[in-house]
Every structure is written in C-alpha cells, then in structure tokens.
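What follows is calculated from the coordinates using simple rules that are stated; it is not laboratory data. The shown structure was predicted, so the numbers you read here are calculated from the model rather than taken from an experiment. Cβ coordinates were reconstructed from backbone atoms using ideal geometry, including for glycine residues, and neighbour counts include every protein chain displayed.
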Amino acid sequence: SIFLVGAASFYDNWLMQERRAEQAAQGAGDVRPDIDPEFNVMSTEPLAEVQMHSTTSVITEGQMNRMLISSDMVSQLRQLPEQFRSMYTDQFLEQLISQELMAIEARQQNVDVSIQVMNQMNTLINQNGNEAQFLTNIKRNGWKSVEELKEFLTKGYQVDALRTKLFEIVEVTDEEI
C-alpha cells in the first residue's frame, strides 16, 4: 500500500508538471488555472456557515479543497474507499470551521499580522523570480487575485497568532505533565 500511495503521488506530480508545461507553451498572456477537477479550489459550493460576534462566514468546497491540497492529502484520499474518504473530509471540514471561528475572533481582537503577510508575499515573489512570474503562478494555482491570496495568508497568520496568545496564558505544572 505504501508503494501504491507513492506511485499515485508520483503520477499526480507528473500529470501536474505536464499540465504546467502545456500552459507555459500556450504563453503567459493566456494563464488559466491548473485546477484538479476532483479537488477544485475555485469551487464556491457552500459547505458550512459559521456565525460569531454578529459575523457570518461561509466555508466553501474550494476552501476545503485548498486545505486538502496544502496538507498533501489528495493522493491519499484518492486511494481510500468512499466511506473512509467522507470521514476524512468531514474531519477537515471541522478543522476549517474551527479555524474560521478563530479567524473571526482574531479580527474581533484586532490581531495585526500585516508584517508577516508582507514578508510572506515578498518571499513568494522572490521565489518566483519576479512579480510577473509570481502573478502568473498564483493564477495557475487557482487564486483569483493577489488580494485573495493576502486574505488567505492573513487568516492563517491571525489563527496562529491567536493560538499562540491563548496558550501563552496556560500554565502547566510539572505534576500535570
């Protein structure tokens, strides 16, 4: 089974590289997202609605798929029977709901992560060589705009900052450990 998961992952990577090569051959002016039809990060299909502090947020299938892709779960999920696959995706949805609630709380507390977001954006631009290549790559990866990517990064950094803040006040004694 380890071999099959590794082979599936290799095959997925190979197909992705072929698609990117085809897109590069078509030219940079006609950049289309390189979207996996089974795990479409651009899907706006609502999965859950979260409400807190008079703020309502909708979690979409695209957000869930982006989380699955970023945690390298796609090739593993493809190998599972549907009943187990559903169980795993339900767990990821619960994580997304929890993260969304924490992001709402972080915004309520005015958690400022603009410096971290700016640093991450600069790092991403530098990794891509230049801003034009960066813009091409974010479109290929299914981001509608730079602002959408910034919002995603901001939410992640805010959740991390809030978690850190919450656990700073927790004291655990040696006996409890």
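A few points about this structure:
- Calculated diffusion of segment 36-177, Stokes-Einstein form, Kirkwood radius summed over Cα pairs, 4 °C and 1.567 mPa s, µm²/s: 76
- Between Ala48 and Arg78, the FRET efficiency estimated from the beta carbon spacing at R0 = 41 angstrom works out to 0.95.
- Semi-axes of the equivalent ellipsoid for segment 66-124, computed as √(5λ) from the eigenvalues of its C-alpha gyration tensor and ordered from largest down, come to 30, 17, 4 Å.
- A simple packing score, the average count of other Cβ atoms within 10 Å per residue, orders the peptides 165-172, 85-92 as 85-92, 165-172, with the highest score first.
- In summary, segment 105-166 shows an alpha-carbon radius of gyration equal to 1.23 times the 2.2 N^0.38 Å reference for compact globular proteins.
- Cβ-Cβ distance of Asp112 and Arg85, R₀ of 41 Å, FRET efficiency by 1/(1 + (r/R0)^6): the value works out to about 0.60.
- Nearest-0.05 FRET efficiency for Glu176 and Ser57, computed from C-beta distance (R0 35 Å): 0.50
- Mean separation of Cα contacts under 8 Å (6+ apart) over length of segment 46-177, as relative contact order %: 22
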